[in-house]
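A.B. asks: My structure is below; once you've seen it, I'll send some questions.
The values are calculated or read from the model by the stated rules, or taken from the named source; none is laboratory data. What you see is a predicted model; the values in this text were computed from it and never measured. Virtual Cβ from ideal backbone geometry, glycine too; neighbours counted across all protein chains shown. SASA here: full protein model, heavy atoms, side chains in, ligands and nucleic acids out. Shrake-Rupley method; radii C 1.70, N 1.55, O 1.52, S 1.80 Å.
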Amino acid sequence: MPILSELPLMGMVAAALVVAFLVALVATPVVKSLAFKMGAVDVPKDNRRMHDHPIPRMGGLAIYLGFLLSVLIFLDRTPSMRGMLLGATIIVVLGIFDDIYALGAKLKFLIQIGAALVAVLSGNVIETLSNPNVFSSNLYWDLGWLSIPVTVLWIVAITNAVNLIDGLDGLACGVSTISSMTLLVIALVVIEGETAILMAALAGACVGFLPYNLNPAKIFMGDTGSTFLGFILAVVSVQGLFKFYTIISFAVPFLMLGLPIFDTCFAFIRRIAHGQSPMHADRSHVHHRLIDMGFNQKQAVAVLYIISGILGLSAVVLTTSGPVKAMLLMMALCFAGAIAGHIFMSNNRKEKEQQELQQEEEKEE
């Protein structure tokens with residue numbers, strides 16, 4: 001039985017958040033010194049980097065330690081919980097080696113699939129999906145044998161989606177905090193105690209790390225942190241959202257993780273359209289585009305926090321009912337879409353103007 005199990009749910013949630021926060025806050029300076037000793041340092045080598053001097057990474061280890069200790073204190077070690085923690089540990093170890101030695105993409109992808117399988121085979125499976133066709137008599141689809149590959153695909157995709165937005169100081173950590181708080185609120189609304197405590201632990205660990213990671217960052221979370229956060233958010237969304245036989249279960253995870261999902265999908269489409277590999281690194285993510293528009297790092301991160309917050313609010317609204325709330329949801333989505341559209345359209349115009357200017361200069365020469 002977990003310690004303090006006699007506390008009411010809100011007390012457990014608050015305690016889990018505070019413990020994870022304090023552990024991450026205290027552990028981060030220790031991890032920073034360890035990163036320097038182990039050579040896990042990010043040296044700016046190309047224009048994708050937003051910093052101009054070496055900064056230690058591997059800070060996600062502090063987030064992992066805060067989350068792990070809080071979960072071990074406040075939750076039972078069920079088979080599905082053990083599978084999630086074991087898979088997360090594999091992801092963290094992979095991230096540590098990647099932050100030190102810069103591993104190849106194929107090797108990382110294979111190990112991520114293995115970690116996802118560990119979680120899935122322990123019971124964290126998307127067995128059903130709510131039917132997005134509201135006119136159908138079938139409320140949900142039974143995935144059958146497809147449940148395992150679909151769940152593995154979801155976990156690996158979200159793991160890498162969060163990793164891809166980790167390009168500005170405090171961005172991935174802050175967005176993950178907003179996503180975890182969104183799922184925390186939803187879990188409290190539908191009385192999913194285990195999910196609420198898990199998300200409180202994750203949010204607390206992120207908030208404890210954030211003071212060291214905000215611009216100007218003293219340490220980066222590295223792949224150790226970004227892939228760990230993506231993995232946990234993906235697995236917990238399987239536990240807490242996909243299992244509801246309602247229409248909201250299809251939309252809520254995509255709203256909760258809307259920013260990393262949108263950015264990753266757009267990046268893949270853009271690269272394929274340009275004849276590149278989908279895994280090819282470039283400087284056209286949404287945060288890069290904001291910087292190119294003239295925002296500084298703090299402003300760009302604030303804009304993306306706002307967008308994530310709006311999408312999170314929309315996810316929470318979808319868990320309730322009523323015409324006023326539905327209208328609020330539509331307005332929030334339209335606002336977020338307008339901001340995103342303005343960012344990409346403005347940047348596309350800027351790129352076109354730069355190309356035309358280069359062509360004119362080449363003609364003059």
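A.B. asks: Could you compute how much accessible surface K218 exposes when probed at 1.4 Å, giving the result in Å² to the nearest 10?
C.D. replies: 110 Å²
A.B. asks: Let me ask something additional. How would I55, I90 line up by accessible area, probe 1.4 Å, largest first?
C.D. replies: Accessible-area ranking of I55, I90, largest first: I90, I55.
A.B. asks: Set the Förster radius R0 to 22 Å, insert the Cβ-Cβ distance between I113 and L22 as r into 1/(1 + (r/R0)^6), and round the FRET efficiency to 0.05.
C.D. replies: Result of the calculation: an efficiency of 0.05.
A.B. asks: How much of S237 can a 1.4 Å solvent probe reach, expressed as accessible area in Å² and rounded to 10?
C.D. replies: Surface accessible to solvent at S237 totals approximately 0 Å².
A.B. asks: I want to check the label-to-label distance for D76 and K37. Put each point 7 Å from Cα in the C-beta direction and report it in nm to one decimal.
C.D. replies: Result: 4.0 nm between the two label points.
A.B. asks: While we're on this one: Note down the accessible area of M84, probe 1.4 Å, to the nearest 10 Å².
C.D. replies: 0 Å²
A.B. asks: Can you flag which of K37/K218; K32/K108; K37/K108; K106/K218; K218/K298 are past 25 Å Cα-Cα?
C.D. replies: Flagged as over cut-off: K106/K218.
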